[in-house]
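The values are calculated or read from the model by the stated rules, or taken from the named source; none is laboratory data. Note that the structure is predicted; figures quoted are calculated from it, not measured. Every residue, glycine as well, gets a Cβ built from its backbone with ideal geometry; the counts of neighbours run over all protein chains shown. With ligands, DNA and RNA removed, areas are computed over all heavy atoms of the protein, side chains included. Shrake-Rupley method; radii C 1.70, N 1.55, O 1.52, S 1.80 Å.
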Amino acid sequence: ISVPDIVKFTILAVESPVVYWVKMKDSESELTKLMLRMARHYNNKEAKKTLETLELNMLVAAATDDGVYKRAKLLEMIYEVKDEKESLVRLEVFLVDYGIKAEVELSDITELLPDFSYDKFPPCAVKVVIGGVVPGDGDTAWGTQAAMLLMGRCDMRRDRDRDVVCRGKKILHLRDILILDRCQVMELQPLIGRYVLKFETVSSLLVGGHGMRDTRPLETITAMAEMANIETQAIFEG
């Protein structure tokens with residue numbers, strides 16, 4: 001799936017200050033179409049077929065707390081022991097169009113039709129990594145304070161009543177990961193009819209002392225990509 005040089009998206013979930021699950025701005029209509037088709041199909045009880053086998057990472061249709069069936073990838077099988085007998089009761093899944101994990105009952109899992117496969121509808125949730133920034137002071141992990149700061153500022157649920165969009169410049173696009181140079185959170189100002197910068201992740205991490213520049217990992221992976229004839233963009237400009 002090709003993406004433009006300047007990517008616009010909505011953040012669905014934040015894994016760390018530099019790793020997000022996002023929904024591309026132009027994928028909203030496809031997700032709506034998929035959800036409507038799945039709802040019509042699985043609303044019929046006869047359409048819900050018990051799976052004979054379950055395998056980790058397989059794609060299924062899973063009904064979450066709202067009762068709506070969504071595409072899900074199996075992550076973990078959860079067992080309970082009762083009367084000295086172990087039985088499978090729940091499953092941890094990853095909702096591939098929403099970028100979040102969920103636990104579902106075994107009875108809420110059913111077969112995913114080929115009509116709803118990746119070939120027909122690519123995953124709507126894309127993993128975005130902000131490149132060139134690492135934890136400060138040579139640490140190997142982001143501190144709790146930095147994580148809470150970014151998670152709070154990038155929580156799109158607070159902005160449901162506002163016209164907010166995020167954007168960044170594409171550096172490298174692999175099949176499952178999109179590497180960007182930054183994440184700018186922009187909000188529409190109706191009086192002037194333009195989007196205004198509310199927050200930018202990289203500068204916030206640098207100014208706050210939570211992170212520092214280190215482009216070596218990014219330079220390594222872009223060099224490998226160029227050797228494999230994968231298109232890359234300049235890492236930083238200005």
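Here are some notes:
- The selection criterion, being part of a helix (DSSP H, G or I), of a type in the set (D, E) and open to solvent by 40 Å² or more (accessible area, probe 1.4 Å), does not hold for E52.
- Listed by position, the strands (runs of 3 or more DSSP E) inside the stretch 181-232 whose residues that are open to solvent by less than 40 Å² (accessible area, probe 1.4 Å) and in contact with a helix residue (DSSP H, G or I) (Cβ under 8 Å, 6 or more places away or on another chain) number at least 2 are 184-189.
- Taking the numbered list (1) surrounded by fewer than 13 Cβ atoms within 10 Å (Cβ to Cβ); (2) touching a Ser or Thr at 6+ places or on another chain (Cβ under 9 Å) in turn, S117 passes all entries but (2).
- Just so you know, in the stretch 135-167 the residues that are at pLDDT below 90 and assigned to a strand (DSSP E or B) include one that is surrounded by the fewest Cβ atoms within 10 Å (Cβ to Cβ), and it is V165.
- Selection count where residues are over 26 Å from I230 (Cβ atoms) and open to solvent by less than 60 Å² (accessible area, probe 1.4 Å), scope the stretch 18-48: 8
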